[in-house]
Each structure stands twice: as C-alpha cells, then as structure tokens.
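Student: What follows is a structure written as structure tokens; I'll ask about it next.
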Amino acid sequence: LKLTLVHANVMLKRSIAQLLRPSNVASQQLSVQRKGALTVASICSTRSTKQFPSSNRTYSSGKTPQLSKPGRNEDKRKPKVTLKKPGTPSRFKPRSLHVSIDVPPEKRLRASQVKPLTLQRYHKAVLELDDWCLKQRFSLGPKKTDNSITKFLHSMCESGRSLTDARSVVYGFILLRCSSDKPERFLLPQAKDALKGWATRFPVHSRAGLDLRVWDVIAWKCFEQGNVTTAAGILLQGDTYMRPSELLRVTRGAVLMPSKAKSRSWGIVIDPIEYNVPTKTGEFDDCVLLDSPGREDLAVVLKFLLKQCKASSDRLFGGLTLATYNSDISQACGILGLERLRLTAHMLRHSGPSHDSYHKVRSLDAIQQRGRWKALSSMNRYRKPGRMLILHQMVPEQVWASASMARRNLIREFSKPFRQ
C-alpha cells in the first residue's frame, strides 16, 4: 500500500509538470518580446538624442529610458566613411616628368638635373658617335662600349675637335644610353682616362677676367647707344659675380631692400625656389649683397631697375636676352677698339673676382663664397693675375683715361629719377 501511494505521488507530480510546461514557454516568449521592445525603444531614443541634442523630452512614464552600454560580444558601430564629392581637387598635384630628349624611363629624373641646351648637345654627340661606329664597324655592346668610345676620342683629338665636344660624347653616352647598377663615376673608365690625357697634352686656356674700370667704359658706351638695361647689367654682374643667365632671370620679388634690423645693403636672391629654375650647380636661394668696398653706389642702379617693375614676378631687365646682351657688348667694344679681346657677358663673372683679387678688395675665401664656387681648383685662376695683365696690354690708353669719368656719368644718369 505504501509503495502504491509513493508511485501515485510521483505520477501526479509528472502530470502536473507536463501541464505547466506550455505556460513556461509562453512566459519565456513574452519576456523575449518585452526585451526586444525595450531595445528598439532604446535605439530610437539614441537616434532622437543625436539628431536633437538640445531637446529634453519626457515620456509618459515621466522618466527617460537608460541606455545600456554595449557588451563585449556586441558589435560596435563602425565609423562613418565620408565619400569625396565629384569635382573636388586632389591633395596631390600631378607632376610631369617630360624631358626634351628621349631618355630611358628610369633616368628621367636624373636628366632633369641637366639644362635643356646641355641635353641637346649630349644628344647630338651621341648621334655622331653612332654614325662613326657604324662606318668603322665598331660595336657599342656592353663589353666593347668603353673601347669603342676611346677610339672615337682619339679620332676627335687628331681632327682638331675641342675638349668640350669630347666630354659631351662621354657624359652624354652615360646619361642617355648607359643603364647600369653601378654609380656613374665608375662607368667608362678608359674613356675618362683619355679625357684626362687630352686635357694634359692640350690644355685649355683659362678664362681670364678684365679690370672693372674697362667694363665701366663699355657700360657707358652702351648707355650712349641707348642700351640702358645692358649698361645696368654690366655694372651689377661685375660686382655680384653672377652668371649672365642668372642675372637676366632676376625678378622684382628677388630684390632685398636694406633694413636697419637685418641688413643695410641692397641684395639679390639668385634663383628663388618658387620659380623651380636652379642655378648651374643645382642650387636655389643663393644670396649676394651689394656691399663691395668702393662700389656702394651701385644700389642706385638696382633701384632704377626696381622702379620700372610693377609686379613681383616682373624681370628687372625686361625682355633682354643673352644674345642681345652679348651683341650690345660686342658693338660697344667695336666702337672703343676692343674687338681683339672678344669680350662676352660671361667674362664679367671672372672679371669681378680678378679685379677684387688683384686690388685686394676681398680675400680668396670671400671671393669663393661670393662667387659660389664649390671646388678650390676654380680659384687658381684668380691667384695668377698674369692672364688679366696680358689682356690689359691690349686696352688703348684712351680707355683707361676715361674710366673714372665713365663711372661718374653712369651713376649720375641712373640717379636722375630719384632727384626729381
């Protein structure tokens, strides 16, 4: 009887549990639905608070729902990706690597260091080498290039060609044709040794300068002929040691005016980096001041040129070209009887240092810094004034006698606009 009662009690509990099981599932589903409704409400509330951050809404219950922090397993919201609108400019400006001469693609940046005229000279020299090797049946292969170019240099030397043409062949072939992993200084060693032997056996005359007093007479003659900008260029180039191309590129914005706090002298910034045109040595923003002892009056010439320019990008010498510059100098030399000297505008770069070294206006270190020469060997010509003195013997006496008067006349004419 006891066993029967125990068994009946167990069966009753199981039946009651089976009857109550569907209600538990329904309650669980109800709780899930409530939780889902709360999460939807919380999401809606967060969106509304983000769109209207300054609003203080109260719900029917009188309380704002508390937002729960996202758990570790929940996905965090990804940051917004802002798409670029069509037509907006890019951060980086495209650059062109175009070169005037066809060069290997990997050498376009290297060829950008060379001036266009030099590239043209290199190109012609290499084409001449190709024609000569074709006629002589010499190979320009990787193993025979150095030997063939050396033979071509011997042929050029025997035919009376200049050393400049020979150097154009060697360095033009390295730039336009050679594609090697080795540095350029290790390429074509036999041809480079041949160039050194050429320079030793048949040396080139050094470029001698001329006393600046002779150039003052030439400048005054140019002024009388109506070439005012040429006369101003002669005076400034002789004092600043600038190259002719550098002088003709000077703009109004590159002129430095005197200031008590910075400098009391006028100055010129040579080839500013804004114009992307470097000097012959690849430098930018070189500076030279008009502070030479005894030549401080040249500031009047710079002020005269500055007054004629309006915009900062206007060139001081206007449309004066290098060909016109040299032509005016040659015309003035012909009138003065100096045609035997064959003076050019580039000789002014050497005349200023030669004058200052001979008359001890500056030391050799100061001359090197002012002329921006990197190699000490470039200063040897200024330690030996013999070549300059030989040229002085070809200058007529009347030119020397009128030198001081010519300079005074130039300064008086250039300062007239400021006296009125």
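The values are calculated or read from the model by the stated rules, or taken from the named source; none is laboratory data. Because the structure is a prediction, the values reported are computed rather than measured. We place every Cβ from the backbone using ideal geometry, glycine too, and count neighbours over all the protein chains shown. These accessible areas exclude ligands, DNA and RNA; they are computed on the full protein's heavy atoms, side chains included. Shrake-Rupley method; radii C 1.70, N 1.55, O 1.52, S 1.80 Å.
Student: Going by the conditions given, is Ala111 touching a helix residue (DSSP H, G or I) at 6+ places or on another chain (Cβ under 6 Å) and among the small types (Gly, Ala, Ser)? Give the derivation first.
Tutor: Values: touching a helix residue (DSSP H, G or I) at 6+ places or on another chain (Cβ under 6 Å): no; among the small types (Gly, Ala, Ser): yes.
Taking the combined requirement at face value, the residue does not satisfy it.
Student: Which of (1) more than 30 Å from Leu305 (Cα to Cα); (2) open to solvent by less than 30 Å² (accessible area, probe 1.4 Å); (3) out of contact with any Leu (no Cβ under 6 Å at 6 or more places or on another chain) is the odd one out, the single condition Met379 does not satisfy?
Tutor: Unmet condition: (3).
Student: Might you let me know whether the stretch 151-167 holds any residue that is part of a helix (DSSP H, G or I), without any contact (Cβ under 8 Å) to a residue 12 or more places away in the chain and of a type in the set (Val, Ile, Thr)? Write out each step before concluding.
Tutor: Residues of the stretch 151-167 part of a helix (DSSP H, G or I): 151-158, 163-167.
When the remaining residues are screened for being without any contact (Cβ under 8 Å) to a residue 12 or more places away in the chain, the result is 158, 164.
Checking which are of a type in the set (Val, Ile, Thr) leaves us with 164.
Checking the stretch 151-167: at least one residue is part of a helix (DSSP H, G or I), without any contact (Cβ under 8 Å) to a residue 12 or more places away in the chain and of a type in the set (Val, Ile, Thr).
Student: Also, quick follow-up: Look through Leu364, Leu376, Leu348, Leu336 and report the one residue that is under 36 Å from the mean Cα position of the chain (by Cα) and closer than 15 Å to Ala219 by Cα.
Tutor: Numbers: Leu364 fails: closer than 15 Å to Ala219 by Cα; Leu376 fails: closer than 15 Å to Ala219 by Cα; Leu336 fails: under 36 Å from the mean Cα position of the chain (by Cα).
After applying the criteria, what remains is Leu348.
Student: Further question: Out of the residues in the stretch 109-139 that are modelled with pLDDT under 90 and within 13 Å of Cys178 (Cα to Cα), state the one that is least open to solvent (accessible area, probe 1.4 Å).
Tutor: Among them, the one singled out is Ala111.
Student: Before we move on, is Gln398 in a helix (DSSP H, G or I) and surrounded by 15 or more Cβ atoms within 10 Å (Cβ to Cβ)? Can you show your working first?
Tutor: Working: in a helix (DSSP H, G or I): yes; surrounded by 15 or more Cβ atoms within 10 Å (Cβ to Cβ): no.
No: the conditions fail for Gln398.
Student: Which one of these is closer than 19 Å to Pro244 by Cβ, touching an Asp or Glu at 6+ places or on another chain (Cβ under 7 Å) and either acidic (Asp, Glu) or in a loop (DSSP other than H, G, I, E, B) (or both): Val269, Val277? Can you show your working first?
Tutor: On the way: Val269 fails: either acidic (Asp, Glu) or in a loop (DSSP other than H, G, I, E, B) (or both).
Exactly one residue qualifies, and that residue is Val277.
Student: Turning to a different aspect of this structure: So, in the stretch 385-395, how many residues would count as being of a type outside the set (A, V, I, L, M) and either in contact (Cβ under 8 Å) with a residue 60 or more places away in the chain or open to solvent by less than 30 Å² (accessible area, probe 1.4 Å) (or both)? Even if it seems obvious, please write down each step before you answer.
Tutor: The initial filter retains those residues of the stretch 385-395 that are of a type outside the set (A, V, I, L, M), namely 385-387, 392-393.
With either in contact (Cβ under 8 Å) with a residue 60 or more places away in the chain or open to solvent by less than 30 Å² (accessible area, probe 1.4 Å) (or both) added as a condition, the list becomes 387, 392.
Here the count works out to 2.
Student: Would you check if Gln66 is under 20 Å from Arg177 (Cα atoms), modelled with pLDDT of 50 or more and polar (S, T, N, Q)? Give the derivation first.
Tutor: On the way: under 20 Å from Arg177 (Cα atoms): no; modelled with pLDDT of 50 or more: yes; polar (S, T, N, Q): yes.
Against the criterion (under 20 Å from Arg177 (Cα atoms), modelled with pLDDT of 50 or more and polar (S, T, N, Q)), Gln66 does not qualify.
Student: Looking at Ser351, Ser312, Ser330, can you tell me which residue is polar (S, T, N, Q), in contact with a Lys or Arg (Cβ under 7 Å, 6 or more places away or on another chain) and either surrounded by fewer than 21 Cβ atoms within 10 Å (Cβ to Cβ) or within 17 Å of Leu247 (Cβ to Cβ) (or both)?
Tutor: Numbers: Ser351 fails: in contact with a Lys or Arg (Cβ under 7 Å, 6 or more places away or on another chain); Ser330 fails: in contact with a Lys or Arg (Cβ under 7 Å, 6 or more places away or on another chain).
Every option except Ser312 fails the conditions.
Student: Here are some conditions: (1) outside any loop (DSSP other than H, G, I, E, B); (2) in contact with a helix residue (DSSP H, G or I) (Cβ under 6 Å, 6 or more places away or on another chain). Arg362 meets all but one. Which one does it not meet?
Tutor: Answer for Arg362: the failing condition is (1).
Student: I'd like to know if the stretch 268-283 contains one or more residues that are of a type in the set (A, V, I, L, M, F, W, C), within 18 Å of Lys115 (Cα to Cα), out of contact with any strand residue (DSSP E or B) (no Cβ under 9 Å at 6 or more places or on another chain) and surrounded by fewer than 17 Cβ atoms within 10 Å (Cβ to Cβ). Please lay out each step first, then the result.
Tutor: The initial filter retains those residues of the stretch 268-283 that are of a type in the set (A, V, I, L, M, F, W, C), namely 268-270, 273, 277.
Now drop any that are not within 18 Å of Lys115 (Cα to Cα), which leaves 270, 273, 277.
The next check asks that each one be out of contact with any strand residue (DSSP E or B) (no Cβ under 9 Å at 6 or more places or on another chain); those that pass are 273, 277.
If we keep only those that are surrounded by fewer than 17 Cβ atoms within 10 Å (Cβ to Cβ) as well, we get 273, 277.
Yes, some residue in the stretch 268-283 is of a type in the set (A, V, I, L, M, F, W, C), within 18 Å of Lys115 (Cα to Cα), out of contact with any strand residue (DSSP E or B) (no Cβ under 9 Å at 6 or more places or on another chain) and surrounded by fewer than 17 Cβ atoms within 10 Å (Cβ to Cβ).
Student: Looking only at the stretch 173-186, count how many residues are assigned to a loop (DSSP other than H, G, I, E, B) and farther than 22 Å from Gln120 by Cβ. So that I can check it myself, show each step before the final result.
Tutor: The first filter runs over the stretch 173-186 and keeps only residues assigned to a loop (DSSP other than H, G, I, E, B), leaving 177-183.
This time we only want the ones that are farther than 22 Å from Gln120 by Cβ, so: 180-183.
Total meeting the criteria: 4.
Student: Any idea which residue in the stretch 216-259 is modelled with the lowest pLDDT, counting only those that are open to solvent by 30 Å² or more (accessible area, probe 1.4 Å) and among the small types (Gly, Ala, Ser)?
Tutor: Ser259
Student: Mind checking whether some residue in the stretch 355-369 is out of contact with any strand residue (DSSP E or B) (no Cβ under 6 Å at 6 or more places or on another chain), surrounded by fewer than 13 Cβ atoms within 10 Å (Cβ to Cβ) and in contact (Cβ under 8 Å) with a residue 60 or more places away in the chain?
Tutor: no
Student: Would you mind finding the one in Gly294, Gly226 that is closer than 22 Å to Phe414 by Cα, over 21 Å from the mean Cα position of the chain (by Cα), part of a loop (DSSP other than H, G, I, E, B) and without any contact (Cβ under 8 Å) to a residue 24 or more places away in the chain?
Tutor: Values: Gly294 fails: without any contact (Cβ under 8 Å) to a residue 24 or more places away in the chain.
Among Gly294, Gly226, only Gly226 is closer than 22 Å to Phe414 by Cα, over 21 Å from the mean Cα position of the chain (by Cα), part of a loop (DSSP other than H, G, I, E, B) and without any contact (Cβ under 8 Å) to a residue 24 or more places away in the chain.
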